[in-house]
Amino acid sequence: KNQVEQSPQSLIILEGKNCTLQCNYTVSPFSSLRWYKQDTGRGPVSLTIMTFSENTKSNGRYTATLDADTKQSSLHITASQLSDSASYICVVSLGAGGGNKLTFGTGTQLKVEL
Amino acid sequence: EAGVTQFPSHSVIEKGQTVTLRCDPISGHDNLYWYRRVMGKEIKFLLHFVKESKQDESGMPNNRFLAERTGGTYSTLKVQPAELEDSGVYFCASSGGLAGYTGELFFGEGSRLTVL
C-alpha cells in the first residue's frame, strides 16, 4: 500500500469550473508536502510546498491545504482553464532522520473540457 | 537560466543491451536525484548525489544499475544489461538545498526507456 494516496484517480470538468483534489498520507515523520503538476511527456513542476506548520499555500489559481493531524491535503483549482489539463501529484517528504526522500502519490489525472 | 536537461528523451533497446542516461542539473545545484516511473505506478526514488558523492542509493533496484556524477556536475545512469522490467521514465531532479525540507526541487523532462 502506497504511503501517499490520491483521489480521485481521474477527473473531467468544464472550463471555468472549480475542483478539489485530495491526498492522504501515512509518511512519518513528516517534513513537507508538495503538489506538482505534470503535463503529458514533461517533468513535474512544483506548485506549492508546505511544511508541517503551514495549513494553506496559494499559487495563483491553485490553493493547497494541509491538516497534519489527520494527514490530509487538498489542492483546489479555481476557474479552471484548458491548460490545467495534466496530472497532479501529491508528494510527501520524510522529516528528521529520514533524509530528503520524497514519496510520490500516483497522481490525479485532470481533464478540462470546453 | 537553463533547467535540468536529460538525454536521450527516448531510448528503445533490446533486452540484454546497455543504455546510459545523462542528466545535467541546474548550474550550481549540489543535490542531484534520480527517480523512475514505471507504467501505472508512482514515481519512485532511486538515488541522491551531493556533489560527486552518493548520499543515498537505497532506491536502486539492483546491481545492474550504476550511477555516477564525475566532478559533481552532470550525472549518468547506466543500465547493464537491461531487462524488460526496466522500462519506464527516468527523471532527474536537482536542488540547491535539501529537497526533503523546503528546498525547491526542479525536474528534467525525463528519459523514456523502452526495453523490448
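A few points about this structure:
- Number of partner chain Cβ atoms within 10 Å, mean per residue of A:44-53: 3
- Shown here for the range A:5-59: trypsin sites (Lys or Arg not before Pro) in loop regions (DSSP other than H, G, I, E, B) with at most 15 other Cβ atoms within 10 Å, namely A:17, A:42.
- Per residue, chain B exposes 49 Å² of accessible surface when a 1.4 Å probe is rolled over the protein heavy atoms with every protein chain present.
- Cα gyration tensor of the protein assembly as shown - equivalent ellipsoid semi-axes, whole Å, descending: 29, 21, 16
- In the B-A interface, the accessible area buried, summed over both sides, Å² (probe 1.4 Å): 1900 Å²
- Candidate cross-link partners of residue B:54 among the lysines, defined by an alpha-carbon separation under 29 Å and a same-chain spacing of 8 or more, comprise A:1, A:37, A:101, B:15, B:41, B:44, B:78.
- Tensor-based shape of the range B:28-116 (alpha-carbon gyration tensor, a/c under 1.5 rounded, otherwise prolate or oblate): prolate
- Summed over the residues of chain A and divided among them, the accessible surface reaches 46 Å² per residue at a probe radius of 1.4 Å.
- Per-residue average of Cβ from other chains inside 10 Å of B:61-67: 0
- By the rule of a second cysteine Cβ within less than 4.7 angstrom, the protein assembly as shown holds isolated cysteines at A:19.
- Computed in the context of the full set of protein chains, the accessible area of the range B:1-54 at 1.4 Å probe radius has 48% of its extent on carbon or sulfur.
- Kirkwood hydrodynamic radius of chain A, from the reciprocal of the average inverse Cα-Cα distance over all distinct pairs: 14.1 Å.
- DSSP bridge pairs, the protein assembly as shown: antiparallel proportion in percent, nearest 5: 90 percent
- The mean of 1/r over all pairs of different alpha-carbon atoms in the range B:1-76, once inverted, gives a Kirkwood hydrodynamic radius of 13.4 Å.
- For residue B:89, solvent-accessible area (1.4 Å; no DNA, RNA or ligand), Å²: 20 Å²
- Antiparallel bridge percentage (DSSP; both residues within chain A; nearest 5): 90 percent
- Whole-percent carbon and sulfur share, accessible surface of the range A:28-96, 1.4 Å: 51 percent
The values are calculated or read from the model by the stated rules, or taken from the named source; none is laboratory data. In this text the structure is predicted, and so the values were computed from the model without any measurement. Cβ atoms come from the backbone with ideal geometry, glycine included; neighbour counts cover every protein chain shown. We work out accessible area using only protein heavy atoms, side chains counted, and drop any ligands, DNA or RNA first. Shrake-Rupley method; radii C 1.70, N 1.55, O 1.52, S 1.80 Å.
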